[in-house]
Amino acid sequence: MIQDAIEKLAGAIRDVPDFPKPGIIFKDITPLLGNPELFSLIGDVLADPFRDTQVDKVVGIDARGFIFATQVAERLNAGFVPIRKKGKLPFKTKARSYALEYGQDDMEIHVDAVEPGQKVLIIDDLLATGGTASAAKKLVEEVGGEVVGVSFLIELAFLEGRKLLGENAPIKAAIVY
Ligand code: AMP
């Protein structure tokens with residue numbers, strides 16, 4: 001059932017060569033978003049490994065992570081928390097710099113986004129070098145959350161992002177290249 005869903009999703013991902021820089025093959029998920037059946041399957045697939053885990057908050061990483069994290073939060077009956085690019089969140093924040101497969105950026109979380117000890121699942125569309133997700137994980141821990149999992153639709157395994165993320169919380173990826 002979930003395996004069928006994963007295959008349908010994988011078949012609809014569009015490879016865009018040399019975006020945003022020469023040498024990067026961008027995994028474009030917009031064809032999945034535009035199809036109502038596939039769109040809903042994304043939430044099912046990302047939430048599935050965590051159905052039996054207590055999750056209080058689902059964190060989505062700016063910007064594609066937001067789309068999926070809201071779906072997962074609804075399915076797991078959890079709250080949604082955005083981690084945003086610097087300067088977008090209005091209240092008091094914690095910030096971190098992180099390196100990307102193709103650049104560098106800063107991200108922020110509201111200091112009160114997670115209550116002390118709350119169980120947090122982090123969601124993003126794609127795991128590449130792991131810089132983004134590991135910065136998100138550190139931010140969640142800095143504001144008092146316990147990361148109980150990290151779930152991606154896509155993993156580029158050859159970039160070994162899992163190494164950076166560490167092994168103290170399960171890391172799940174539905175489609176691995
Ligand atoms: P990283 O920090 O290297 O793991 O990069 C992950 C972030 O960059 C995710 O938020 C992705 O959306 C984006 N990203 C990195 N590489 C790609 C790629 N080849 N295709 C699509 N998105 C990517």
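Quick look at the values:
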item: Positions within segment 159-177 being within 11 Å of the ligand (Cβ to nearest atom), touching a helix residue (DSSP H, G or I) at 6+ places or on another chain (Cβ under 9 Å), not hydrophobic (A, V, I, L, M, F, W, C) and not in a loop (DSSP other than H, G, I, E, B), in sequence order; result: G161
item: Residues of segment 17-39 satisfying the condition of being touching a Lys or Arg at 6+ places or on another chain (Cβ under 6 Å) and either open to solvent by 30 Å² or more (accessible area, probe 1.4 Å) or at pLDDT below 95 (or both); result: P31
item: L126 vs. criteria within 11 Å of the ligand (Cβ to nearest atom), open to solvent by 10 Å² or more (accessible area, probe 1.4 Å), of a type in the set (A, V, I, L, M, F, W, C) and touching a Phe, Trp or Tyr at 6+ places or on another chain (Cβ under 7 Å); result: yes
item: K172 open to solvent by 10 Å² or more (accessible area, probe 1.4 Å), basic (K, R) and free of Cβ contacts under 8 Å to residues at least 60 places away in the same chain; result: no
item: Test: residue in segment 141-155 that is in contact (Cβ under 8 Å) with a residue 12 or more places away in the chain, out of contact with any strand residue (DSSP E or B) (no Cβ under 6 Å at 6 or more places or on another chain) and under 28 Å from A5 (Cβ atoms); result: no
item: Within segment 1-116, strands (runs of 3 or more DSSP E) holding 1 or more residues that are more than 16 Å from the ligand (Cβ to nearest atom); result: 57-61, 79-85, 93-100, 103-110
item: Given (1) surrounded by fewer than 17 Cβ atoms within 10 Å (Cβ to Cβ); (2) touching a residue at least 40 places away in the same chain (Cβ under 8 Å); (3) farther than 15 Å from P170 by Cβ, index of the condition E74 fails; result: (2)
item: Odd one out for Q118, checked against (1) under 15 Å from D56 (Cβ atoms); (2) within 17 Å of the chain's Cα centre (by Cα); (3) surrounded by 14 or more Cβ atoms within 10 Å (Cβ to Cβ); result: (2)
item: Residue list for segment 142-158, restricted to those being in a helix (DSSP H, G or I) and either at pLDDT below 95 or within 16 Å of the chain's Cα centre (by Cα) (or both); result: A157
item: Flag for L159 being in contact with a Gly (Cβ under 7 Å, 6 or more places away or on another chain) and either touching a residue at least 40 places away in the same chain (Cβ under 8 Å) or open to solvent by 20 Å² or more (accessible area, probe 1.4 Å) (or both); result: no
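The values are calculated or read from the model by the stated rules, or taken from the named source; none is laboratory data. Since the structure is predicted, the reported quantities are computational estimates derived from the model, not experimental observations. Note that each Cβ is placed from the backbone with ideal geometry, even for glycine, and that neighbours are counted across all protein chains shown. When the accessible area is computed, the model is the full protein with side chains, heavy atoms only, and any ligands, DNA or RNA have been set aside. Shrake-Rupley method; radii C 1.70, N 1.55, O 1.52, S 1.80 Å.
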